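Okay, structure first, notes after.
The values are calculated or read from the model by the stated rules, or taken from the named source; none is laboratory data. Note that the coordinates shown come from a computational prediction; the quantities given were computed from them, not determined experimentally. Methodologically, a virtual Cβ is constructed for each residue, glycine included, from the backbone with ideal geometry; neighbour enumeration extends over all protein chains shown.
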Amino acid sequence: MKTNNIFICCCFIILFGCKKDPVVAETSLCPAEGLIQTFTTPDGEEFFIYEDGAAYTNSNGSCNFELQYFDAKFIAINYETIATETFLITDEGDLFPTKSNFYEDFENTSEIEDLFVSSLTDTHLYWTSFTLQSPATPEVADYTNLFQCIMNGTCTFIDNKIEVIKDPTDASNQVLQLTSISPTAAMVTSKTSISSSLNFYPKDSELWFEADYYILDGMPFSIVDFESTYFFQEPGPRIVIRERKLELENKFGSKLNFENTSAATISPKQWFTLKVHLKFSDVQDGVIEIWQDGIPIISTVGINLPISNSIQNILEVGATASSIGCILLMDNIRISNTPF
């Protein structure tokens, strides 16, 4: 199946800023005018984010430009709303509907390529890309090219791979298997994941997510990410596994971690169901609720959105980050903007 690059590119937009002269005059403090967000990194560095998307830091008694955190026009460039429906604008100017509701059980999947959007007629599909970051394809360009050639039918998987297999606990059921080998010492992480860039979750919107997981071998670090490709480093909350407990970590700003203080743990070679409810907010009224096998393990409020104008447009599932080799099975993936 030939893949239309319109849909691939949405998953790999990373806005890096080059050093340039600051928009604001250098002063002892960054000015309040146009300021929309401040945060302090775990290293203690304070960032100031402005309406034009520029990020500054205070250092050596002055306000210095550091990077372009986002493009201030990203919503107008990438989306169009008609009545109550929001559409993604492709590179060719065509419109493709965003999705707030979807269910995937892999029962009708024979070829991995059939899961992914490849044309404007594929409005019944949800997934737009997969990532195979491994020793063979460690850099963005490497695994992007691998995705494209697998979808075009000109190559196949190298080390990390994605397959549809029989459920090891029920031969009548099909599930997705994601294999990720250990990263090299030069790599931060390895990953094997599938993702969709068709989401549209702004501030105050609500997201409900659920999926079944089965860890066949090893232990991934993160298993689902709710990201924004329009912001530097694709920030957003993610579900991580620490000491066999499911927790939520903000992959942005001060990197807040919402701990699981329950007794619930996950065990290898046992299915478990993860359910997540988020009401997105860049202030303390964001909602964070997580269930494991129907039992609440985290219920709190707090920041879960990088910045007030962020759009969380990416859902990434699988072994989204792993420091060791692992094999992860998934089934019954569901996303909604209403409770279920």
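Can we say S310 is surrounded by fewer than 18 Cβ atoms within 10 Å (Cβ to Cβ), of a type outside the set (A, V, I, L, M) and either at negative phi or within 15 Å of the chain's Cα centre (by Cα) (or both)? Judged against the criteria, S310 is not a match. Remark: pairs (first residue in region 325-340, over 20 Å from T86 (Cβ atoms) and without any contact (Cβ under 8 Å) to a residue 24 or more places away in the chain; second residue surrounded by fewer than 19 Cβ atoms within 10 Å (Cβ to Cβ) and among the acidic types (D, E); Cβ separation under 8 Å; 6+ apart in sequence or on different chains) are absent. For S228, the test of being at pLDDT 95 or above, of a type in the set (S, T, Y), within 28 Å of F70 (Cα to Cα) and touching a strand residue (DSSP E or B) at 6+ places or on another chain (Cβ under 7 Å) is passed.
When region 287-307 is examined, which residues are found to be assigned to a loop (DSSP other than H, G, I, E, B) and more than 18 Å from the chain's Cα centre (by Cα)? D293, G294, G302, listed by residue number. The residues on offer are T90, T86, T57, T38, and the sole one that is touching a helix residue (DSSP H, G or I) at 6+ places or on another chain (Cβ under 8 Å) and of a type in the set (S, T, Y) is T90. Would you check which residues across region 259-286 are under 22 Å from S193 (Cα atoms) and part of a strand (DSSP E or B) and list them? Selection gives F272, T273, L274, K275, V276, H277, L278. For T300, state whether it is hydroxyl-bearing (S, T, Y), surrounded by fewer than 21 Cβ atoms within 10 Å (Cβ to Cβ) and farther than 18 Å from K251 by Cβ. So T300 does not fit the description; no.
For every residue, the table says whether it meets (1) more than 22 Å from Y79 (Cα to Cα); (2) in contact with a Gly (Cβ under 7 Å, 6 or more places away or on another chain); (3) surrounded by fewer than 23 Cβ atoms within 10 Å (Cβ to Cβ); (4) in contact (Cβ under 8 Å) with a residue 60 or more places away in the chain.
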residue: T189; (1), (2), (3), (4): yes, no, yes, yes
residue: D204; (1), (2), (3), (4): no, no, yes, yes
residue: A211; (1), (2), (3), (4): yes, no, yes, yes
residue: Y214; (1), (2), (3), (4): yes, no, yes, yes
residue: P220; (1), (2), (3), (4): yes, no, no, yes
residue: D225; (1), (2), (3), (4): no, yes, no, yes
residue: E243; (1), (2), (3), (4): yes, no, yes, no
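Listed conditions (1) within 14 Å of E210 (Cβ to Cβ); (2) in a strand (DSSP E or B); (3) more than 13 Å from the chain's Cα centre (by Cα); (4) hydrophobic (A, V, I, L, M, F, W, C) are all met by F340, apart from (2). State whether the residues of region 103-124 include one that is more than 29 Å from S195 (Cβ to Cβ), in a loop (DSSP other than H, G, I, E, B) and of a type outside the set (F, W, Y). Scanning region 103-124, I find no residue that is more than 29 Å from S195 (Cβ to Cβ), in a loop (DSSP other than H, G, I, E, B) and of a type outside the set (F, W, Y), so the answer is no. Among residues of region 282-304 that are farther than 20 Å from Y201 by Cα, those with a Cβ under 6 angstrom from a residue that is among the basic types (K, R), sequence gap 6+ or separate chain, pair up as W291/K275. Within region 228-253, being in contact with an Asp or Glu (Cβ under 6 Å, 6 or more places away or on another chain), of a type in the set (D, E, K, R) and in a strand (DSSP E or B) holds for R238, E247.
Counting the residues of region 200-227 that are outside any strand (DSSP E or B) and hydrophobic (A, V, I, L, M, F, W, C) gives 3. Only a single item in (1) assigned to a loop (DSSP other than H, G, I, E, B); (2) farther than 21 Å from G253 by Cβ is not met by A72, and it is number (2). Evaluation of T192 against the conditions (1) within 19 Å of the chain's Cα centre (by Cα); (2) within 30 Å of P339 (Cβ to Cβ); (3) of a type outside the set (A, V, I, L, M); (4) not in a loop (DSSP other than H, G, I, E, B) shows that the sole unmet condition is (2). Of all residue pairs spaced 6 or more apart or on separate chains, those with beta-carbon atoms under 6 Å, a first member in region 116-145 that is more than 14 Å from E316 (Cβ to Cβ) and a second member that is at pLDDT below 95 and not in a helix (DSSP H, G or I) are S118/M1; S118/T3; S118/N4; S119/N4.
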